[in-house]
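Only one structure is covered here, and it is reproduced in the block below.
The values are calculated or read from the model by the stated rules, or taken from the named source; none is laboratory data. The structure displayed is predicted, hence computed values, not measured ones. Cβ placement follows ideal geometry from the backbone for every residue including glycine, while neighbour counts extend to all protein chains displayed.
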Amino acid sequence: MPVAAGNSPFIALVSSLIAPVLGTMSGIAIQCYNFTLLNFMVLMPVAMLEILLDVLHLLFFIQVLNLTLGMLSIVLVHITFSIGFVAVIVRTRLAGMDESIFEAARDLGTSPCETFR
């Protein structure tokens, strides 16, 4: 089996486990706390041309982080690209929810984690 055939499922698995967690947290932070800088940083990979984004990632990994190009850099690029899509979906879903649901849960004495769940 070629190496790429084994690497692709690994990259997909790792990025699909990490990106939804980080995207959900950033979507909640954008909706609840109105972080404009975070909103810009999350939506930038979604709106930017992919080739330009790839060149920026390449320069960032080589010049700023001093990483060699390999499996780690590929996984990080896939995660950062996917976070934006997850955050947009979570943010629009939270914008459509009624705030009285969260208020009712808080009135009944739930913790913030239980309210989120």
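Looking at the range 88-97, which of the residues that are in contact (Cβ under 8 Å) with a residue 12 or more places away in the chain and among the hydrophobic types (A, V, I, L, M, F, W, C) is surrounded by the most Cβ atoms within 10 Å (Cβ to Cβ)? In this case the residue turns out to be VAL90. The residues in the range 26-53 that are loosely packed, with under 15 Cβ neighbours inside 10 Å and hydrophobic (A, V, I, L, M, F, W, C) can be counted, and the count is 11. Cβ-Cβ below 7 Å, separation at least six or inter-chain, first residue in the range 102-117 and among the β-branched types (Val, Ile, Thr), second assigned to a helix (DSSP H, G or I): which pairs? If the second residue must be assigned to a helix (DSSP H, G or I), the pairs left are THR115/PHE102; THR115/ALA105; THR115/ARG106. Of everything listed in (1) surrounded by 13 or more Cβ atoms within 10 Å (Cβ to Cβ); (2) touching a residue at least 60 places away in the same chain (Cβ under 8 Å); (3) of a type outside the set (D, E, K, R), the single unmet condition for LEU56 is (2). Residues that are of a type in the set (Gly, Ala, Ser) and in contact with a helix residue (DSSP H, G or I) (Cβ under 9 Å, 6 or more places away or on another chain) within the range 33-70 comprise just one, ALA47.
Per this entry, ARG91 is not counted among residues that are assigned to a helix (DSSP H, G or I), in contact with a helix residue (DSSP H, G or I) (Cβ under 7 Å, 6 or more places away or on another chain) and more than 22 Å from PRO20 (Cβ to Cβ). If you check PHE10, PHE61, PHE85 for being without any contact (Cβ under 8 Å) to a residue 40 or more places away in the chain, of a type in the set (Phe, Trp, Tyr), surrounded by 11 or more Cβ atoms within 10 Å (Cβ to Cβ) and assigned to a helix (DSSP H, G or I), only one passes: PHE61.
Considering only the range 98-117, state which residues are surrounded by 11 or more Cβ atoms within 10 Å (Cβ to Cβ) and part of a loop (DSSP other than H, G, I, E, B). Outline the logic, then answer.
So in the range 98-117, the residues surrounded by 11 or more Cβ atoms within 10 Å (Cβ to Cβ) come out as 102-106, 110, 114-116.
The answer is THR110, and nothing else.
Taking first residues from the range 23-43 that are within 13 Å of ARG93 (Cβ to Cβ) and partners that are modelled with pLDDT of 80 or more and not hydrophobic (A, V, I, L, M, F, W, C), the Cβ contacts under 6 Å between residues at least 6 apart in sequence or on separate chains come to GLY27/ARG91; ILE30/ARG91; GLN31/ARG91.
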